[in-house]
Every structure is written in structure tokens, then in C-alpha cells.
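Before any comments, here is the structure.
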Amino acid sequence: MLPRPVHFFRPLPLVLATSWCAFATSSVLAGRPADGASPTPEAVEEIGASELFAKADSSSPPPDAGDSGPTQSVVINLINRLVDRGLLPKEDAVELIRQAERDAERTRSQAEITAGNMTQVAAMAQAAVQAASEAIAAPAGDDAVRVTYIPEVVKAQMREQIKAEMLAEQRTSDWAAPNPVAEWVSRIRIFGDIRGRYENISFPTGNDNTGSFPNFNAINTGAPFDTSGTVFSPQLNVDQGRQRFRLRARLGVDVDLRENFSAGIRIATGESNTPTSTNQSLGVANGAQGGNFSKYAIWLDRGFLKYEVGGQPGKNLAVVAGRFDNPFFSPSEIVWDDDVGFDGAALQAKYQLAKWFTPFINGGAFPVFNTDLNFSSNQPAKFESSDKWLYGGQFGADLKPLPKVNFRVAGAYYHFDGVEGRLSDPYTPLNAQDQGNTDNTRPSFAQKGNTYRALRNIVPNASNNFGTTNQFQYFGLATPFHELVLNGKVDYNGFEPVQISAFGEFAKNLAFKQDGINAIAVNNRGPNTVDIPTGAFAGGDIAWTAGVKVGSAAFQKRWDWLLGLNYRYVESDAVVDGFTDSDFGLGGTNMKGYTVFGSVALSPAVSLSARWMTANEIAGPPLKSDILLIDLSGKF
């Protein structure tokens, strides 16, 4: 007498259940050979269940798996054992084995096991045993005999055997290990761009070429200039046109560091380490690079770590540190050139309060200059630090008053700490290398336009012929810079895909004091008069620009186009000339004029553009320039 009732059953439920078992397990094994198989007959006999197998046709040999050779998985072994014990008809077993082989082959070509699969192995082994158990418990049919359950001890033994085989396979073939290369690559984005430029510079007649435009950057980045000498200081070119072919190449990588962290690195060309340009003039001999097909330098242009949460158009918070893109909204380049990278740390945040209103804030602290540890290098007793910092904050909002109209407005305050030049303690330099204690207050980079003052308080004595020789001098900015900047932009999309955009920006240097500058300025002065032999100071503290653009907001297909026009008026000391636009008027401040430009897409990633700029000096001797730029750009 059997301990539990025996039922006949229809084979279809078992076929479906066992087929799922074969598919699930073969997805893990991917068709690899197995050494072990199903529970041993001894384990079944221990619980008295072997009596149940007496009703099966034990003389039938196991199926040949469709003449496919050795068994391919534990599931196939399990099917063979079920046939051995008469729990599964041979013809159903053959079909199941073939299905398992097909599933394994498909899995090998489509799936890749990743980290954490050992947990999945255990779960799938459990599922396989459970499926077999449920299948055996299906309603009885006319062509087979089976029990209504599999004892728990047998289930446990089946699970452990399946897991053991999978782990053994992993040790020999490393199939269950994560693919570190695939995982690493999935978190990296590579991008870059290449631009070739033709540049034509022309100077209309009438510019003052009598020595009225000292190149203060050349003086301050080299040996001090002897103002008592009979030679001109380094001078800017104001009368000889030039043609240049220039290259810009940039390559960057963004990396997802998980848990909301990311990092970025970008390298770029550049004939110098100027903050406002990554252009490399082809063929120019500049120091140790360029000319005669010499190779060109590559600079570290960006390198930062970022933490960001939200990541939505209307809700985001980001903190970034290192060297990174401008964190402030700037619709023009009268304050910040597009190429300027910010050193330091910044925070950006925005939160949508209504569908039409999303306020945002940007801010940060940025070291502009850090004093050399050994300053002064030729003095036993060192000078105090002359560090320079920028502290900036901006508040603004994105507004959408109408479905096809978008506004962005913002106000910012940029506090430059320590960028102005300071007069040194009185001393007498014995040679050009004899440093003053305020030498480091001179700009480490400048373009042109800002007002300058002498830095060294040179005491006349016999060594310098009482002030008539050896007047080795550096120059610093004549005013502090605390810039208030207001800007805005509006986009109208009523003629899609054509967008009409208008923008404006206004800047004022709140620290500018004309009376104080007038006594110390060495440039930006008006014509000499009887009352003022050196000419009255003519600089100013205001800058503004306005412009319009019509065309495609972003180039997405061939023949997308964009046209634009703008006018700017930038007085001498409204903004720091070292960070403003480097193309208009050859860079800097104290200029006004127009820019006309147009671009067309040759493909989604390649564009051709042209820009015409005409600039005129505001204060000081006459200086005009006209510049044509033609760019062929590609990005990836």
C-alpha cells in the first residue's frame, strides 16, 4: 500500500513547468557542461518514495537529446532522471531537452552575467525545484504515474547540487564574474570638438602708432620695464593687418562615479595658457612650440568633481570643485569670455515653484591668484601673501508667461578681492630682478583696456642717478573691481523650427572712483592740455550690450541656420579685461562696435560660420579694428 495516493495526469502541465525550469536554469548555465545532476536514488529510498518509481518503465533508455552529444546542463540531467523514474514520457523529454539546448544557445549570444549572480543562482535553483514540485502535483492523466509531492529533504538536496555545479563552473570559467570593462565603459562619455578658423585683421587708417598703446601684459609677465630708458615699452599692434589660420581642438571625458557623484576632464589646444582662448595659430613660433611644422602644446582645460541631486529641468542642486565651466548665466561675453574656466568651488540650485516660474541661484569662491611660496625669491625675509579671490553670487529666474515665450533674467555681484595694484614700500631696486613687496599685485594675465598704475615706490638715490636711471617698473590695475551685472534673454518659438531670441547685459563697477584713478592712471587719458599736461583721465565704469538672433536654437540636421546682430559698449574699467571677450577688437575693454554673424549646418555635427566685428576705442588715442572670422567646426 502506498503511503500517499497515486494519480494519473495529463503531461501538458509538467511540460510547461519543466520547460520554464529548463529555460531559467539554462539562462544561467548558458549551455555549459555539468558534472552532477539530480537527487540520488539513495536519497529517494531513504524516505520510501522509491516504491513509487516501480510503476514507471525503467527499462527505457534516456533520450539522446536530439543527438547533440553530452548533456548540456543540470536541467537536462534532471529531465533524464525523471524519465528514468517514469515521471516523464520519453517523447516529452526529448522535446524539453531540445528546447533547453535552443534556450541555452540563445542565452549565450544575448546575455552577460553581471555582479550579484550568485544570489540569483540560489534563487533560480530554488525556483527550479519549486517548479518541478508544482509540476508533479498537477492533475493526473492517462499516460503517466507520479506522486503528489517531493519531500523537503529531496528539494534541499536538489538546490544544493545545482548551486554546487554552478559555483564549480564559475571557478573554472569565471562566467559569473562581472565584466569590469563593460561596467566601466558604461559610465564614461567621451566628447570633443575641432574647429579650423581663418582670421583676417585689418586696421583702418588714423590709428595712433606713436607709442600710445603699451602692452602691459608683456611687461608684467616678463622683466620689469625701465621707464627711464630711451626705448619704447612693448607695444600693441595698431596699424599692420594680419591673416591667421587657427586651430582649436578639445577632448573631454565625463565619468559617472555613482551615488550622484561625477567627474570631468578636458584637454585643449592653445598657443599660451591664456584663460580666454584655446586657439592655436598655425605656424606661429611661440617659445618652444610652433613654426616649421613643430608640434603644439596641449593644456589641462577642465578637471572637476561634482555632486548633483535632482537632475530635473525644474529641480536640481549641484556642487562642483576643481576647474569647470562658467557656473553663472551669461548671455554675452562682455563680462566672461566663453572659454574662461573657473577655478575653485561653486553651487548651483533651482526649484520650480510654478509652471511658469523657476528661480535659481549660483555662487562660489574662486582663487584668481595664489602667491608663490618663496616670494620674494631673492630676499632672505619673505613678503606677505598677495592672494586674489573672486566671490560671486547670482540670483535669477526662468519665466514662461506664454506657451511659446521663455524668459531668463538674473542679477549677479562679482567681488574681486585683491586684484587692484598697490604701491610698494619705498625701496631702490638695484637691478631688474630686485623685487618689490607688491609686485604680485600686478595681473598675471591681461588683454587690454583696463587702466593701470605704477607699483614700485622707487626711492631716488645715487645708485639710480637720483631717479633718472634704473626705474624698473611693474604695473597693476588702477581700480578695485566690484561688478554688478544684470542680464536677460527671451526666446520666442512661434515660428518653429525658427526661434527668435533677444538678449541684453549691463555691468557697472561699483568700486570705480574716477577722482582717485585720475591721479595715478598711466593710460586711458585724453589729449594733453595746458592745465593737464598728461591729459585728463577719460575711462569709465559702464558696459552694456544688446543683440538678436534668428534661426535654429540648436543644429540638428543639415541646412539648419542662424543669423545674429549685436552692439556693445564696454568702458575701460567696467569689467576685468583679462576675462572678457578675446575676439572683439582683439580682446579687452574700452571698445564699442557691432558684430554680425551667421552659421549653417553641413551635418548634425558640422557647421560653417562667419563673423564680422568692427570696434572703436572709447577713451584715449584713436584705435579702430575690423576682424573677419570664418569657422569650420565639427563636434562629437
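The values are calculated or read from the model by the stated rules, or taken from the named source; none is laboratory data. Because the structure is a prediction, the values reported are computed rather than measured. All Cβ positions, glycine included, derive from the backbone under ideal geometry; neighbour counts span all protein chains shown. Just the protein is used for accessible areas: all its heavy atoms, side chains included, with ligands, DNA and RNA removed. Shrake-Rupley method; radii C 1.70, N 1.55, O 1.52, S 1.80 Å.
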key: Inter-site label distance for T210 and N260 at 7 Å from Cα along Cβ, in nm   = 6.5
inquiry  = Output wanted: per-residue J couplings in Hz (rounded whole) for segment 197-210, from phi through Karplus 6.51 cos²θ - 1.76 cosθ + 1.60, θ = phi - 60°, x for Gly and Pro.
reply    = 10, 9, 10, 10, 10, 10, 10, x, 5, x, 5, 7, 10, 9
ask   = How much area per residue is accessible in segment 478-517 when the probe is 1.4 Å and only protein heavy atoms are counted (Å²)?
value = 46
ask   = Using 0.36 nm per residue, how much length does the chain from V530 to I361 gain when fully extended, once their Cα-Cα distance is taken away?
value = 55.6 nm
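Please list, by residue number, every one of the chymotrypsin sites (Phe, Trp or Tyr not before Pro) in segment 422-528 that is coil in DSSP and has at most 12 other beta-carbon atoms within 10 Å. If you can, show how the numbers build up before the last one.
Working: sites: Y427, F445, Y452, F466, F472, Y474, F475, F481, Y492, F495, F503, F506, F512; in loops: F445, F466, Y474, F512.
Those satisfying the criteria are F466.
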note = The set of residues whose placed amide H lies less than 5 Å from the amide H of L623, leaving out same-chain residues fewer than 5 positions away, is E617
request  = Add +1 for every Lys or Arg and -1 for every Asp or Glu among the other residues with Cβ under 11 Å from the Cβ of P497, and state the total.
outcome  = -1
note = Links exceeding 28 Å between C-alpha atoms in this model, out of K513/K549; K295/K624; K489/K557; K315/K508, come to K513/K549; K295/K624; K315/K508
task = Hey, can you grab everything whose amide H is under 5 Å from the amide H of G535? Only 5+ residues off in sequence or another chain; H modelled, so Pro and N-termini drop out.
result = T529
key: Cut-off under 5 Å, modelled amide H: who pairs with G578 long-range   = Q447
inquiry  = For a Förster distance of 45 Å, can you work out the FRET efficiency between the beta-carbons of Y198 and L486, rounded to the nearest 0.05?
reply    = 0.80
Lysine pairs within segment 350-433, Cα separation less than 30 Å, 8 or more sequence positions apart or different chains = 5
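Are there any trypsin sites (Lys or Arg not before Pro) in segment 176-250 that are in a DSSP loop and have at most 12 other Cβ atoms within 10 Å? List them by number.
On the way: sites: R187, R189, R195, R197, R242, R244, R246, R248, R250; in loops: R187.
Answer in residue order: R187.
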inquiry  = Please list 3J(HN,Hα) in residue order for segment 555-572, calculated via the Karplus relation 6.51 cos²θ - 1.76 cosθ + 1.60 where θ = phi - 60°; whole Hz, with x for glycine and proline.
reply    = 6, 10, 8, 4, 6, 4, 9, 7, 10, x, 8, 8, 10, 9, 9, 10, 6, 4
inquiry  = At 7 Å along Cα-to-Cβ for each site, give me the label-to-label distance between A432 and E95 in nm.
reply    = 9.6
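If R0 is 56 Å, what FRET efficiency do you get for D417 and V181 from their C-beta distance, rounded to 0.05? All intermediate terms of the calculation are to be shown ahead of the outcome.
On the way: r = 47 Å, r/R0 = 0.85.
In this case the efficiency is close to 0.75.
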query = Roughly speaking, to the nearest percent, how much of segment 468-620's 1.4 Å accessible area is carbon and sulfur?
reply = 63
query = Taking a quarter of the surface of the Cα convex hull of segment 241-363, what do you get in nm²?
reply = 10.2
Label zone at N237, where the point sits 7 Å out along the Cα-to-Cβ direction: segment 568-611 residues whose backbone N lies under 18 Å = 582-588
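Count the net charge of all other residues whose Cβ sits under 9 Å from the Cβ of S281, scoring Lys and Arg as +1 and Asp and Glu as -1. Mind showing how you got there, number by number?
On the way: positive: R244, R246; negative: E199, E271.
Surrounding charge for S281 is 0.
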query = If Lys and Arg each add +1 and Asp and Glu each add -1, what is the summed charge of the other residues whose beta carbon sits under 14 Å from the beta carbon of F445?
reply = -2
ask   = What residues from segment 569-591 fall in the zone where the backbone N is under 20 Å from a label point 7 Å along the Cα-to-C-beta line of I542?
value = 569-577, 589-591
ask   = How large is ³J(HN,Hα), in whole Hz, for each residue of segment 355-372 in order, when computed from phi with the Karplus curve 6.51 cos²θ - 1.76 cosθ + 1.60 and θ = phi - 60°, using x for Gly and Pro?
value = 4, 9, 9, 10, x, 8, 9, 9, x, x, 10, 9, x, 8, 8, 10, 5, 4
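With a Förster radius of 30 Å, plug the Cβ-Cβ distance of T371 and W612 into 1/(1 + (r/R0)^6) and report the FRET value to the nearest 0.05. Can you show the working numbers first?
Details: r = 43 Å, r/R0 = 1.42.
Here the calculated transfer efficiency is 0.10.
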